Amino acid sequence: MNKPSEKKTIDWSFQFNLDMTKAKALSIQTPLKDTYTTPEGLQIGLTQMIRTPNGIRLDLDVSLSDELQAKVEAGWDEELEILYHLEIPDTKEYRIFNGSRSGARQAKFQVKDLSQLSGTEGHIQLSEVWDPAYVTLDAKHIRFVLDGYTIPVKQETLMEIDLNQLYRKPVKIKQEGAEYTIHGYSFDPVEEAYVLEKDNKDTEENELVLKASSIQTGKHTREDWLIVDDVGNEHIIEGVGTEIRVNEKGQSITDDWKFMVRDYDRSKGSKFTLKRTIYKQDFDDVDWAVDLPSYRSLPWQQ
């Protein structure tokens, strides 16, 4: 009969010394001064390109305008991603670097320097090192093309509503991602599934329904709707719509959109504030390309 095998502990630890002095001496460092500011106020600057025997590194400087700084949510620096692609005409290569998106290629190494990030000033530095398997060390005439960026931004729109004026003067809400026209209202019985249990079960529950149409014109991650009444109470709105069609511009049109407010009754008056808050992350309204420094010869090839 075989004896039970004894557990053995194997020490896999090891160490070795690397001298990067020679590799550093062979590197080519080229300062850059190319900057671009997006419509939302994100400024991106290319500050340095470094070619080494181990890969190509691009340094970026990113800062926020005061207006954008006021809109971003906490932790924006962790969610920020610069989306770009590289065009290498000599080898007809097209390398896309789209951050954490599914199936997207990422830089081999990415470093964020947050030392300059403070409560009132949004400013970070990025370094991207490209894998030689994707961007060869001897690639020439590389063109950097900005495709967009990801950053969590909060935007609000406030509209004063008077139910008595809606049929004569519809209210239009136009904000990033959508356009709504509220043109009427009604107080409808609440569906039985939404009626809360009360001592008097014969009491009829009604909800305010704002009748509208909508045009979805862009992308946004999430949206919240609230009604704020005269005394400051907030009421959550649920939006529903059917019979969606697409126009010649590729926009989604809904003619019978409804905003339902289940805890707003007639006794609260006809005037209130409608608040729409969107949380957008992906921005592609950019137009910037830079021809990165090329070279005549590389030190390590000599």
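The values are calculated or read from the model by the stated rules, or taken from the named source; none is laboratory data. The structure displayed is predicted, hence computed values, not measured ones. Please note: Cβ atoms are built from the backbone with ideal geometry, for glycine as well, and neighbour counts cover all protein chains shown. Side chains included, ligands, DNA and RNA excluded: accessible areas come from the protein's heavy atoms. Shrake-Rupley method; radii C 1.70, N 1.55, O 1.52, S 1.80 Å.
Residues that are out of contact with any Phe, Trp or Tyr (no Cβ under 8 Å at 6 or more places or on another chain) and open to solvent by less than 60 Å² (accessible area, probe 1.4 Å) were ranked within region 138-154; the one that is farthest from residue 97 (Cα to Cα) is 139. In summary, residue 185 fulfils each of the numbered conditions (1) modelled with pLDDT under 85; (2) of a type in the set (Ser, Thr, Tyr); (3) not in a loop (DSSP other than H, G, I, E, B) with the single exception of condition (1).
Listed by position, the strands (runs of 3 or more DSSP E) inside region 91-137 whose residues that are surrounded by 12 or more Cβ atoms within 10 Å (Cβ to Cβ) and at pLDDT 80 or above number at least 2 are 93-97, 123-130.
Of the helices (runs of 4 or more DSSP H) lying entirely inside region 2-88, those carrying at least 2 residues that are at pLDDT below 80 are 21-25.
A residue that is at pLDDT below 75 and more than 24 Å from the chain's Cα centre (by Cα) occurs nowhere in region 221-228.
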